[in-house]
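Comments concern the structure below.
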Amino acid sequence: MRVPLSWLAQYAALGEVLPDPADVARRLTAAGLEVETFEPAGQDISGVIIGEVTGIEELTGFRKPIRYCQVSDGASTREVICGAVNFAVGDRVAFAPPGAVLPGGFAIGEKKAYGRLSQGMICSAAELAIGDDHSGILVLPPDAPLGAGFAGYAGLADQVFEISVTPDRGYALSIRGVARELATSYQVAYTDPAGDGLPADVAQVSPEVYPASIADPTACDRFVLREVRGFDPALPTPLWMRVRLARSGMRSVSLAVDITNYLMLELGQPLHAFDTARLTGPIVVRRARPGERLETLDHVVRDLDPDDILITDSSGPISMAGTMGGLATEISDASRDMVIEAAHFSARGTARMSRRHRLFSEASYRFERGVDRELPLRASAKAAALLASLGGASVVPGCTHASVDVPPVTIAVAAGYPGQVAGITYRPAAVADRLREVGCTVAAPGPAVLTVTPPSWRPDLTDPADLAEEVIRLEGYENIPVKMPRAAAGGGLTAAQRLRRAVGRALAGAGYVEVLSSPFAAAADFDRLHLPADDPRRTTVRLANPLSEDEPLLRTTLLPGLLRVLTRNTGRGFADLALSEMGLVFRPRPGAPGVAPILPVDRGPTAGELASLAAGLPDQPLRVAAVLAGNRDRAGWWGSGRTAAWQDAIEACRTVLAASRVPFRLAADQHAPWHPGRCAAVFISGGDGQEHLAGHAGELHPRVVQAFRLPGRTCAAELDLSVIEAAAAALGPVPAPAVSPYPVATQDVALVVPAAVPAAEVEAALVAGAAAAGGDGSSLLEEVALFDVYTGAQAGEGRKSLAYTLRFRAPDRTLTDEEVTAARDAAVAEAARRTGAVLRGG
């Protein structure tokens, strides 16, 4: 919303010298009205004066009308070329003589045109940046002071603020509301424009005024009509009103329309004028009937919905309430008798109607955010008074007032509650004073309790939390002290938090880019993953109000979201990708209630409430997943690249488990959505001494790759981090590693085993055999690493050769050749016993 400072200063007593606009912007923002920008307006105009046309010579022989005019400033006369024809001799105009500067830095000088010397310019509203009318020059009232500066006369110099108003602060979509906040911020007097200059009979009901009624109280609870007659549609909008409308970003249309727009901007109450001659029978506010249609002011014929709120007469719909009027009853250049309508329509109903028809207006923008219910009587009275004073109309005394009783909202709040919310102590008297500044009526039935009745312009104040927010913002957010929480031992992080960070850093160090995908899923995702019909991942939680009907479910696996991110990136030219994500999945609990309870916000939950909330929520295990496509190792001058394969997905699991220190075992498995021959299951050792399935890794099934439109041979891994966290917690504190100062002894062994034997089983056997060789339970084997796999003919039919490097080291001595050989032989012997391994070449 655009707000001129001079208009605000009319109702907030800021003094003769207005404050610095930067300070005004800071105070409004502190009050909760975010000022996006503020800029000077009309301050780049200089030298423009008020002149009088004393002579006009019509030049002929040209394709358009050209006039050679004499313009006097009271002391001298200049000749000016002008193409406009909407003025006559004796009219007073805005005149820019040579040396004057118009908006945008446009300097005026003498020039020769049409064979004559033009000594200046007679200005239009558009050239003065107070409108968009280029068709004619701006004709001023006859009493405009001749020779005076036009900028000062018209009040052009101003500061205009662009304010972003949140949906709950509808009252601030008006000069009235913003001026109230500004007066409160500066602690100066405030004049309510809604109560200023009202006639004595503002609430008088008269049968002489056009009749109206409310047929649906849920659509409208107050409807007011006033009538004016004998309006002169030829009279122009006064300059001061045109300037304020232009500064607020609204164009001037006609005097009648400009008055309704002006009052909407000033008070926040949308108004609408009907041509009385075009109305038929009493006006009724109701919902639409099946088959009804209405042609609105934008010349669009609209099919109406039964939920639409309409203003109707005997002929049918004449306006979409609070949104846009109908074309059949609009004000025209011939309209002399008018009915002024002001109402309080349902905010929800107006919002739904405007969105249903995709018809958004300044009126609907305000109604859907909440309009003051007490304004219709006052705003309509002011509109009728302006139409009489500026348009020569006569006002029919009284009004038509249809109303539905709405009980006032009363809120009981503890005087200390705002302080509890802010973590600071506010005096009860200060709390009451701040609420009165907002406009609330405050009573104190007890020493510690306040009974608060919010003002009619604040429908957003409905509970104690709303009142606490008002007190805190007016007392100043900057006055709330900053208190840093005391960090617990270990840097303030729990063991689970430290593990998650370690896993994230480990994956990032391995080259994975972390992403955040949508937590929502579609049933089609599980079909694309080719999950079996009885797979537990197909049992989901459905959202009651999903953001998208295409994805109404909460995810049970991270893979669909990650795969969509992978597809989107490959589609944009990124061929080599390694992505990871850590997030929650949602698994329904058997026997859990369907809907979790909504807990109160004005106090802390009880243990029973927390238990009922936990019982109604699904299980939410934490998962970590990774996907790979393209080259894992880049190609370059050093050689060719290496395509990502199932081994890399398994290595991602190793990276996660290494960061957690949890013992694990890999085994071949068949599990959707992985390729049955290139899938590994990951088992970890828990604190209970049992093995637990932690996840799967490998290459995705070709049908899954095709369904998600992924690059060929895409690989993925997914682990249950909650299970890993529980196993890591059972390990206890991390022991300090023993660092031996003695040299390492390295031995390489190549073992031939059946092709179906996993390399992990051979490795586990080597480790166990080396440990058994120590006798006392200690192991000289420091590390074992697979460095070669051979499946050629020399390995034998159905067999493969696995080559390992064994590193031996003792903590207290240099190992002898005999000790190293004995440990190696024990390791090989155990591998032979468990897997049938044979030394290659032996």
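The values are calculated or read from the model by the stated rules, or taken from the named source; none is laboratory data. Everything numeric here is computed off the predicted structure, so don't read it as measured data. All Cβ positions, glycine included, derive from the backbone under ideal geometry; neighbour counts span all protein chains shown. When the accessible area is computed, the model is the full protein with side chains, heavy atoms only, and any ligands, DNA or RNA have been set aside. Shrake-Rupley method; radii C 1.70, N 1.55, O 1.52, S 1.80 Å.
Quick notes on this structure:
- Selection status of Pro454, more than 30 Å from Ala658 (Cα to Cα), out of contact with any helix residue (DSSP H, G or I) (no Cβ under 7 Å at 6 or more places or on another chain) and loosely packed, with under 12 Cβ neighbours inside 10 Å: no
- Residue among Ala385, Ala402, Ala343, Ala415 that alone is open to solvent by 10 Å² or more (accessible area, probe 1.4 Å) and over 17 Å from Leu255 (Cα atoms): Ala402
- Pair list, Cβ under 6 Å, 6 or more apart: the stretch 745-769 residue open to solvent by 30 Å² or more (accessible area, probe 1.4 Å), other residue in a helix (DSSP H, G or I): Gln747/Arg824; Glu761/Thr835; Ala768/Glu830
- Among the residues making up the stretch 1-11, a single one is within 29 Å of the chain's Cα centre (by Cα) and open to solvent by 60 Å² or more (accessible area, probe 1.4 Å): Arg2.
- Boolean, Val188 is within 43 Å of the chain's Cα centre (by Cα) and open to solvent by less than 20 Å² (accessible area, probe 1.4 Å): no
- Val53 β-branched (Val, Ile, Thr), open to solvent by less than 70 Å² (accessible area, probe 1.4 Å), touching a residue at least 24 places away in the same chain (Cβ under 8 Å) and under 30 Å from Gln159 (Cα atoms): no
- Selection within the stretch 709-726 - more than 17 Å from Val565 (Cα to Cα), of a type outside the set (Ser, Thr, Tyr), in contact with a strand residue (DSSP E or B) (Cβ under 7 Å, 6 or more places away or on another chain) and surrounded by fewer than 24 Cβ atoms within 10 Å (Cβ to Cβ): Asp720, Val723
- 1 or more residues in contact with a Leu (Cβ under 9 Å, 6 or more places away or on another chain) and over 26 Å from Asp192 (Cα atoms): qualifying helices (runs of 4 or more DSSP H) within the stretch 404-500: 417-422, 428-438
- The numbered conditions (1) at pLDDT below 95; (2) surrounded by fewer than 23 Cβ atoms within 10 Å (Cβ to Cβ); (3) under 25 Å from Ile163 (Cβ atoms); (4) not aliphatic (A, V, I, L, M) are all true for Arg247 except (2).
- Qualifying residue in the stretch 198-207 (condition: of a type in the set (D, E, K, R) and in contact with a Leu (Cβ under 8 Å, 6 or more places away or on another chain)): no
- Flag if Val828 is surrounded by 14 or more Cβ atoms within 10 Å (Cβ to Cβ), of a type outside the set (S, T, N, Q), in contact with a Gly (Cβ under 9 Å, 6 or more places away or on another chain) and in a helix (DSSP H, G or I): yes
- All conditions in (1) open to solvent by 40 Å² or more (accessible area, probe 1.4 Å); (2) touching a Pro at 6+ places or on another chain (Cβ under 7 Å) hold for Gly120, with the sole exception of (1).
- Checked against (1) open to solvent by 70 Å² or more (accessible area, probe 1.4 Å); (2) of a type outside the set (A, V, I, L, M); (3) modelled with pLDDT under 90, Arg833 passes all but a single condition, namely (3).
- Subset of the stretch 713-767 (residues that are touching a Gly at 6+ places or on another chain (Cβ under 6 Å) and not small (Gly, Ala, Ser)): Glu718, Leu719, Asp720
- Count of the stretch 594-618 residues which are touching a helix residue (DSSP H, G or I) at 6+ places or on another chain (Cβ under 9 Å), farther than 30 Å from Gly419 by Cβ and open to solvent by less than 70 Å² (accessible area, probe 1.4 Å): 1
- All positions within the stretch 274-291 that are open to solvent by 20 Å² or more (accessible area, probe 1.4 Å) and free of Cβ contacts under 8 Å to residues at least 60 places away in the same chain: Arg278, Thr280, Gly281, Arg289, Pro290, Gly291
- The residues on offer are Leu18, Leu14, Leu28, and the sole one that is open to solvent by 30 Å² or more (accessible area, probe 1.4 Å), in contact (Cβ under 8 Å) with a residue 60 or more places away in the chain and in contact with a Leu (Cβ under 8 Å, 6 or more places away or on another chain) is Leu18.
- In the stretch 552-586, the qualifying residues are those that are open to solvent by 50 Å² or more (accessible area, probe 1.4 Å) and charged (D, E, K, R), and the one that is farthest from the chain's Cα centre (by Cα) is Asp576.
- Note on the stretch 156-178: among residues that are under 26 Å from the mean Cα position of the chain (by Cα) and in a helix (DSSP H, G or I), the one that is farthest from Gly32 (Cα to Cα) is Ile175.
- Cross-chain or 6+ apart pairs with Cβ under 8 Å, the stretch 61-89 first and buried (at least 16 other Cβ atoms within 10 Å of the Cβ), then of a type in the set (Phe, Trp, Tyr) and part of a loop (DSSP other than H, G, I, E, B): Ile66/Tyr114; Tyr68/Tyr114; Ile81/Tyr114
- Any hit, the stretch 242-254, residues being part of a loop (DSSP other than H, G, I, E, B), farther than 25 Å from Gly370 by Cα and free of Cβ contacts under 8 Å to residues at least 24 places away in the same chain: yes
- Here Ala125 meets each of (1) in contact with a strand residue (DSSP E or B) (Cβ under 6 Å, 6 or more places away or on another chain); (2) open to solvent by less than 20 Å² (accessible area, probe 1.4 Å); (3) at pLDDT below 95 with one exception, condition (1).
- For the stretch 573-629, the candidate set comprises residues that are charged (D, E, K, R) and part of a strand (DSSP E or B); within that set, the residue that is nearest to Arg538 (Cα to Cα) is Arg587.
- Residue that is open to solvent by 70 Å² or more (accessible area, probe 1.4 Å) and small (Gly, Ala, Ser), where the choices are Gly99, Gly104: Gly104
- For the stretch 696-723, the set of residues classified as more than 36 Å from the chain's Cα centre (by Cα) and in contact (Cβ under 8 Å) with a residue 24 or more places away in the chain consists of His696, Ala697, Gly698, Glu699, Leu700, His701, Pro702, Arg703, Arg713, listed by residue number.
- Just so you know, in the stretch 630-675 the residues that are open to solvent by 60 Å² or more (accessible area, probe 1.4 Å) and in a helix (DSSP H, G or I) include one that is farthest from Arg713 (Cα to Cα), and it is Ala658.
- The lone exception for Val431 - which of (1) in contact (Cβ under 8 Å) with a residue 40 or more places away in the chain; (2) touching a helix residue (DSSP H, G or I) at 6+ places or on another chain (Cβ under 7 Å); (3) open to solvent by 30 Å² or more (accessible area, probe 1.4 Å) it fails: (3)
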